[in-house]
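Everything below concerns the one structure shown next.
The values are calculated or read from the model by the stated rules, or taken from the named source; none is laboratory data. Quick caveat, the model's predicted, so the values are computed rather than measured. Cβ: placed from backbone, ideal geometry, glycine included. Neighbour counts: every protein chain shown.
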Amino acid sequence: MVTVREQLPGRLNELSEEATVEHAEQAQLDLAEWLDRVRSILDGAALKQLEEVAKETLQKELESTTNHRSNTFYTGIEMADILAHLHVDEDTLSAAMLYRSVREGLMSIDFVREHFGEQVYGLVKGTLSMGKLSELIEQNKRLEDHFNNDQREHLTGIYKMLISVTEDVRVVLIKLAERTYALRELAKSSRERQERVAREILTIYSPLAHRLGIAQLKWELEDLAFRYLAPERYKEIASLLNEKRLEREHYIQFVIDKLKNELAEHGIEAEINGRVKHIYSIYRKMKSKNLSFDQLYDIRAVRVLVKSVPECYHSLGIVHQIWRHIPHQFDDYITNPKANGYRSLHTAVIAENKSLEVQIRTRDMHEEAELGVCSHFNYKEGAKTTDHSFNHRLHSLRSVLEHYQERNDASAHKEDEDSENFEQIQEFEDFEKIYVFSRDGDIKELPRGSTVLDFAYHVHTEVGNKCYAARVNQRYVPLTYTLKTGEQVEILTKKDREPNRDWLVNSLGYIKTARARDKLRHWFRQQDRSKNLEIGRDILNKELSRLAIHPKSIDLSDYCNHFNVKTGDDILINLVSGDISLHALMNQVNRHMHLDQDEPELVLKPALNPRASHTLSAHGILIDGLDNVELHVAQCCQPVHGESIGGYITLNRGVSIHKVACPDYVRMIGQEPERAVEADWEMQPTRGQSVQIVVEAYDRRGLLKDLTQVIFSDQINIRQVNTISEADGIANMKLLIEVKGLAQLSRLLARLEQQPGIISARRLIQGN
């Protein structure tokens, strides 16, 4: 790759914090020369915006009185130069020029938006976010253990984290360019910084460049990083490659000439070049396969570029005709491309008594192999729109990374975060997944919206069960705290701590992931069965009492088939664990009482005037053997549609309708059984049922207004209201309302009890 230093022989490099007017004038001339060269690389693009950005960056650098580690203008030039050779668009080049100036505080991010547009602003902001995460990762000493042990499943989480904070792959390219420049400048740094930065790049950024398929950057990053991490080994392999260089060059040229002639005879026009395997890949292959330098087949290699895929396979056959193929040394990446999109034919042969690797691909495949994601775009002068395929590659990259599984690992190191970072990480929002640090520095992947309690169960079930508190970036937070990418989480546990059943309540927000919820439910299922039975029975009885339904009128065994359990006790246990909701059970109770929930709601009719004719159809009641008879609903129990009822023939008021469990009804038919008649509800109520409810609440202004609004929102008619305020500040309100059955009544009472200041809301019948 051609760099600025090779094109502008050190002149721009001379610009520093002590820059004079003469330096600035010379820099302007050198800048013009550099822009011309970039225009030639990008097929004569005007690059007016880039020129404006470069001049502004230079001016800010000259005006700066602050000492910073590197010259922002020169750094921007280097980064833009790297990206220009990847043929990116002008917005990306501009953002690369501006990035270091914004980061060092010489230019505000709002200034970028105002003068250079939303596209450049978004790219700079995204790169800053990646930079913040990069700093957190760089401080993570735990990564050194993973690197030394080559634990790639842990290291994968790092660049998954980096990718998660951007929706534009150009941000990743800018960050890769920045890291490439940093690696080139490491010669001036201390040994400690050289090793730290090189380790970070070899661990994170070179694999990231590989995933994006950018061979140009990948090779440079790997070789330079390897040079600082293992200088002796680097020099050893470099000396082996340089040994008898002239002889090797003659050999490669002989092979190229012979192969080109053979292909020409078969009518194949090809471009053939020699390729030198980069040093780090040689080292990695020798180490992984335990081979010596002489045992490597691909040290000497040629690359054949043809026009079409059929010519690739035709050329492969010609190569195998000329030289003997080495068994098990053939890879077809055209039929089976690599995960990063790399396509080519690789074969190893014995050519002139020496091993030789031959790569065969089309020119499009070659461009994609060298430039990766950058090869998918044709940038035109003045184009401001982002090609959607540009970001498609980023999503493909994420898909590739999904199948990697993170493993939990113990460590003694504890990562500290300062208060500044706590505020910075608030920017990483609205992405499908989040990535957080554990106390020991490991990276954990969680669904977006996960709480600290979700994280605890993600680490281990016992950690979640015994969790009593949590700290995020050394600050105590509630267990409902929603985590963000880049935060460090520490879970505090106690041996005698047990899960709280409130954690299963969705509205409270303790748990958001299905994984944590399943673990929590399993824990409750494992607890003492008799204890859970008692708690479940109390939950059910409380709801039945609120609805004024006698517990003995409900047989839980009737609902076993629906909930797929064996006994009624299992239903009670599942109520406690959360596997069966109380609302679902009450719905089935209503259906069992012949109240069809799936039918559209009926329009409420006003209750009949007591003086009006008391007909059967008016109440929606069927009486066995009787027709056109006067009837009335007994006030002692006030049955509601869906409850079991019976009739009693009175002396002068026709038939009175009671609940079959009503004490008065039981007493009367016990004395005069001949007066009992069978009665039942029609399948649908023809009008609203009058029901009296009582609400106990702390007295306050607007209380009655709030309650009536809740009732009206359910389209329930209020016939009568009686309010009594006690001296102790407690208000008792009796309301006569019209409902269509137990389902609607149950829903209303539950909603009333959720209102602020409400002590209880229950159905009122005579005697209670």
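A few comments on the model shown:
- Candidates in segment 662-695 are the residues that are part of a loop (DSSP other than H, G, I, E, B) and modelled with pLDDT of 85 or more; of these, the one that is surrounded by the most Cβ atoms within 10 Å (Cβ to Cβ) is 662.
- Here residue 217 does not fit the description of being closer than 17 Å to residue 285 by Cα, of a type outside the set (Gly, Ala, Ser) and under 35 Å from the mean Cα position of the chain (by Cα).
- Any chance residue 629 is at pLDDT 85 or above and among the hydrophobic types (A, V, I, L, M, F, W, C): no
- For beta carbons closer than 6 Å, sequence separation of 6+ or different chains, a first residue in segment 689-701 that is under 10 Å from residue 725 (Cβ atoms) and free of Cβ contacts under 8 Å to residues at least 40 places away in the same chain and a second that is in a strand (DSSP E or B) and among the small types (Gly, Ala, Ser), the qualifying pairs are 699/725; 699/731.
- Flag if residue 46 is within 30 Å of residue 215 (Cβ to Cβ), in a helix (DSSP H, G or I) and over 29 Å from the mean Cα position of the chain (by Cα): no
- Considering segment 641-661, the residues that are part of a loop (DSSP other than H, G, I, E, B) and in contact with a Ser or Thr (Cβ under 9 Å, 6 or more places away or on another chain) include one that is surrounded by the most Cβ atoms within 10 Å (Cβ to Cβ), namely 643.
- Matching residues, segment 434-451, being out of contact with any Gly (no Cβ under 9 Å at 6 or more places or on another chain), closer than 11 Å to residue 513 by Cα and either polar (S, T, N, Q) or buried (at least 23 other Cβ atoms within 10 Å of the Cβ) (or both): 450
- Considered as a group, the residues in segment 490-547 that are loosely packed, with under 12 Cβ neighbours inside 10 Å and among the polar types (S, T, N, Q) include one that is modelled with the lowest pLDDT, and that residue is 530.
- Of all residue pairs spaced 6 or more apart or on separate chains, those with beta-carbon atoms under 8 Å, a first member in segment 538-551 that is free of Cβ contacts under 8 Å to residues at least 40 places away in the same chain and a second member that is assigned to a loop (DSSP other than H, G, I, E, B) and not aliphatic (A, V, I, L, M) are 544/550.
- Among the conditions (1) outside any strand (DSSP E or B); (2) in contact (Cβ under 8 Å) with a residue 60 or more places away in the chain; (3) in the same structural domain as residue 741 (by TED's automatic domain parsing), the only one that residue 711 does not satisfy is (2).
- Residue among 603, 576, 565, 589 that is out of contact with any Cys (no Cβ under 8 Å at 6 or more places or on another chain) and modelled with pLDDT under 70: 603
- Any hit, segment 136-149, residues being closer than 30 Å to residue 369 by Cβ, at pLDDT below 85, in contact with a Leu (Cβ under 9 Å, 6 or more places away or on another chain) and surrounded by fewer than 18 Cβ atoms within 10 Å (Cβ to Cβ): no
- Taken together, the residues in segment 460-480 that are surrounded by fewer than 20 Cβ atoms within 10 Å (Cβ to Cβ) and under 21 Å from residue 502 (Cα atoms) amount to 13.
- Close Cβ contacts (under 8 Å, 6 or more residues apart or on different chains) running from residues in segment 567-587 that are assigned by TED's automatic domain parsing to the domain that holds residue 500 and at negative phi to residues that are outside any helix (DSSP H, G or I) and surrounded by fewer than 17 Cβ atoms within 10 Å (Cβ to Cβ) are absent.
- For segment 222-244, a tally of residues being at pLDDT 85 or above and of a type in the set (S, T, N, Q) returns 0.
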